[in-house]
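Scroll down for the structure; my scribbles are underneath it.
Any read-out appearing in this document is the output of simple, stated calculations on the displayed coordinates, not a laboratory observation. None of the values given here were measured: they were computed from a predicted structure. Counting neighbours? That spans all protein chains shown, and the Cβs are built from the backbone with ideal geometry, glycine included.
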Amino acid sequence: MGVYMVKKNYPKHKGSGLEFILDTALAFQKSKVLLTACELDVFSIIGDEELSAEEIARIINTDFRATERLLNALCGMELLVFNDLHYKNTEDSMTHLVHGSPAYLGNLEHIAGLWDSWSDLIQVIRSGQPVNYKNLQEKDEKWVESFANSTDWRATMESPEILSHLNLKNVKKVLDIGGGKGAYAKSFIELNPNIKVHVIDYPEVIRFTMRMIIDEDLQDKIFPMSGDFNEDDLGSGYDLIFISNVVNLYSIWDNVKLLQRCFDALNHGGQIVIHEMIIDDDRTHPLKFALSSINLLVNTLRGGVYTETDLWIILKESWFRDVVKIDTEFESSLMVGYK
């Protein structure tokens, strides 16, 4: 079939079997403490100051005794430092958990929002369907914004390196499907100023793209398209179509339908580029990808983490030729095909 997979060896977990089992069973405690602190904005409130538990509780309008226990747990996790009855951020917390920092982890708010859907895992395993599923149009505005921020945080950090793997020499017109707040669109034109990028995403998301375009004065470089990329017209005349972290939201055959429409929208010789995490053929490793597959199980109707073979089939069924896989520095891969 053209795809040959090499079995990789992954390191075993550290510690004894019993220690690993207990640590895994209790891992939710640390996760919930961190996410609760982020939702309460504890790290940003402390900032570069040293505040007492009483001061922090007053600012975030919480119970003093409960707040003190939360802060103490954060100290035990080495996310805060306790000194002379006051709490301050560690260097890592200042860097990644305080709003406004260039390296702020913008996806933690979205991760916190996943807690409820993961709590339904038993029911999802029994039924095979997510509980109380809502599509993007049915989500509230706060959820949509946290989702857009989550994808933008990673895309902003990774896009220059990821796109550097592509041959953009003769590329003049790009379509970015599900382009979110436009991080990849910006990186395309930074790598090649002659490129014009069209970004299509749902109306609930494209408003963030439009805001970025105005803020960055890129009206003559990036062109937003509001619509459902699975149904609405994609346009035509593209030299490259880029799809990052979108394919995993849909079934194989839903993706074939989308990519066949992409094929029609490309110029002859044009490139389709899929950027995704790719799981091994046995679908058990890397572990974070196997867990991402569970996340897609509880949050989408037919999404999943795909193997290289899956993506090869999707591209071939969509008529693309000369398919190649390019690994990135971020445990993700590019699958590139040509019309």
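List the trypsin sites (Lys or Arg not before Pro) within segment 255-308 that fall in a DSSP loop (any state other than H, G, I, E or B) and whose Cβ has at most 16 other Cβ atoms within 10 Å. Can you show the working numbers first?
On the way: sites: K257, R261, R283, K288, R302; in loops: R283, R302.
When the trypsin sites (Lys or Arg not before Pro) of segment 255-308 are filtered for loop state and at most 16 Cβ neighbours within 10 Å, R283, R302 remain.
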For the chain, longest principal axis from Cα atoms; helix 308-317 axis from its Cα atoms; angle between them, nearest 10 degrees, is 40 degrees
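Just the projected area, averaged over all directions, of the convex hull on the alpha carbon atoms of the chain: how many nm²? Provide the component values of the computation, followed by the final result.
Values: hull surface 78.8 nm².
Spelled out: convex hull of the Cα atoms, projected over all directions, averaged, 19.7 nm².
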Extreme residue, positive dipole direction of segment 17-105, given options I46, A73, H96 (C-beta unit charges): A73
For the chain, what is the percent of antiparallel DSSP beta bridges, rounded to the nearest 5? 45 percent
Those trypsin sites (Lys or Arg not before Pro) from segment 148-228 that are DSSP loop and have at most 15 other Cβ neighbours within 10 Å turn out to be K169, K172
I'd like the FRET efficiency for E91 and N267, computed as 1/(1 + (r/R0)^6) with the beta carbon distance as r and R0 of 41 Å, rounded to 0.05. 0.25
To the nearest 20 debye, the chain has a Cα-centred charge dipole, built from +1 on Lys and Arg Cβ and -1 on Asp and Glu Cβ, of 1120 debye
According to a simple spin-label model (label point 7 Å from Cα along Cα-to-Cβ), what is the distance in nm between V81 and D322? 5.6 nm
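Step through the table entries K196/K325; K134/K257; K172/K196; K221/K257, compare each Cα-Cα distance with 18 Å, and write down the pairs that go over it. Present the calculation step by step, with values, prior to reporting the outcome.
Details: K196/K325 25 Å; K134/K257 22 Å; K172/K196 6 Å; K221/K257 29 Å.
Flagged as over cut-off: K196/K325; K134/K257; K221/K257.
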What's the center-to-center distance, using Cα atoms, between segment 108-132 and segment 203-246 in Å? 30 Å
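Over segment 163-214, what is the relative contact order in whole percent, taking alpha-carbon pairs under 8 Å and six or more residues apart?
Details: 61 pairs, mean separation 21.0, N = 52.
For segment 163-214, the relative contact order is 40 percent.
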For D116 and Q219, compute 0.36 nm times the residue count separating them, minus their Cα-Cα distance, and round to one decimal in nm. 33.2 nm
